[in-house]
1. Condition first: assigned to a helix (DSSP H, G or I) and surrounded by 11 or more Cβ atoms within 10 Å (Cβ to Cβ). Can you find one or more residues in the stretch 116-130 that meet it?
2. Kindly evaluate Y169 against the criterion of being of a type in the set (F, W, Y), at pLDDT below 95, assigned to a strand (DSSP E or B) and more than 12 Å from the chain's Cα centre (by Cα).
3. So for the stretch 72-86 (the condition being more than 26 Å from S48 (Cβ to Cβ), β-branched (V, I, T) and touching a Ser or Thr at 6+ places or on another chain (Cβ under 9 Å)), does at least one residue qualify?
4. Testing S158 on (1) small (G, A, S); (2) in a loop (DSSP other than H, G, I, E, B); (3) under 29 Å from V190 (Cα atoms), one condition comes back false. Which one is that?
5. On the given criteria, is G146 out of contact with any Cys (no Cβ under 7 Å at 6 or more places or on another chain), within 22 Å of V168 (Cα to Cα), assigned to a strand (DSSP E or B) and among the small types (G, A, S)?
6. Give the residue that is modelled with the lowest pLDDT, with candidates limited to residues of the stretch 26-77 that are among the aliphatic types (A, V, I, L, M) and either within 16 Å of the chain's Cα centre (by Cα) or assigned to a strand (DSSP E or B) (or both).
7. I'd like the full set of residues that are exposed (fewer than 13 other Cβ atoms within 10 Å of the Cβ) and not in a helix (DSSP H, G or I), limited to the stretch 80-115.
8. Output yes when any residue across the stretch 173-184 is buried (at least 16 other Cβ atoms within 10 Å of the Cβ), assigned to a helix (DSSP H, G or I) and at pLDDT 90 or above, and no when none is.
Amino acid sequence: MRILFVTVAVLLSSCSLLPKPDMNISPASIDSTSTVMQQLQQAGKPRSPIPVSVYAFRDQTGQYKPQANVSSFSTAVTQGATSMLTQILLDSGWFSPLEREGLQNLLTERKIHGSNKKSAELPPLKEARLLFEGGIIGYETNLSTGGIGAEYFGIGASELYREDQVTVYLRVIDVYTGQVLMSVSSNKKVFSQELRAGLFRYVSLNRLAEAEGGYSTNEPVQYCVKQAIETAVAALIAQGQDRGFWRAEDQLSLNATAGS
């Protein structure tokens with residue numbers, strides 16, 4: 001009997017050997033800057049940010065969260081990708097996003113301002129030279145699944161994992177001509193893991209010992225979408241420099257020095 005409970009304790013303590021999320025209540029915090037954005041912010045930037053517009057960057061998958069035996073109306077991916085893309089463009093230092101998603105609210109507020117005779121006349125809204133379009137075009141589940149486990153006399157442990165994938169498309173359009181200048185696609189794997197250990201055994205007649213422990217770790221889909229968008233924006237910035245659509249200020253200074 002003593003050996004049995006020692007075995008259970010060892011199995012349950014093995015779960016603590018792997019990293020697990022902190023269950024303590026913590027205050028809200030600002031999202032940390034990703035490696036891709038840090039590289040963009042540390043690299044050269046244009047002399048002045050390029051005015052751009054983002055009207056919509058929506059979920060085009062039409063998928064809902066899979067739930068067994070339940071009708072779910074919760075979408076599988078975030079519906080706030082437009083806000084994500086706008087912030088990423090702003091944080092990159094290359095672009096100056098103009099408000100277009102809430103344009104009707106902006107126009108209404110300007111109309112209210114104009115109705116006040118004592119207020120000064122507002123200047124016209126700034127126009128954008130580039131238009132960013134695209135969306136979340138794919139969310140594939142169970143791309144890769146697997147696990148490992150063992151059980152002996154009702155005492156066992158197992159580990160399972162699953163990989164999903166989210167895909168985004170992003171293109172840049174010249175507002176003056178309507179020409180699609182560049183288009184890129186990026187994807188990000190969404191990883192989930194589950195670890196379980198348990199005991200299920202009759203220790204004597206009509207006496208059953210049962211114990212179970214474990215935890216699961218799931219990557220937030222919205223963060224994976226954000227990372228895919230960041231990668232796409234970084235790729236567009238690099239392509240734009242290669243094709244001569246824009247140049248960093250240090251490149252302009254270098255070209256001017258070489259020409260003189």
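1. First, the residues of the stretch 116-130 that are assigned to a helix (DSSP H, G or I): none.
No, the stretch 116-130 contains no residue that is assigned to a helix (DSSP H, G or I) and surrounded by 11 or more Cβ atoms within 10 Å (Cβ to Cβ).
2. Taking the combined requirement at face value, the residue does not satisfy it.
3. Yes, some residue in the stretch 72-86 is more than 26 Å from S48 (Cβ to Cβ), β-branched (V, I, T) and touching a Ser or Thr at 6+ places or on another chain (Cβ under 9 Å).
4. Result: S158 fails condition (2) only.
5. Details: out of contact with any Cys (no Cβ under 7 Å at 6 or more places or on another chain): yes; within 22 Å of V168 (Cα to Cα): no; assigned to a strand (DSSP E or B): yes; among the small types (G, A, S): yes.
Criteria not met by G146.
6. Among them, the one singled out is A76.
7. G102
8. no
The values are calculated or read from the model by the stated rules, or taken from the named source; none is laboratory data. What you see is a predicted model, and the numbers here were worked out from it, not measured in a lab. Every residue, glycine as well, gets a Cβ built from its backbone with ideal geometry; the counts of neighbours run over all protein chains shown.
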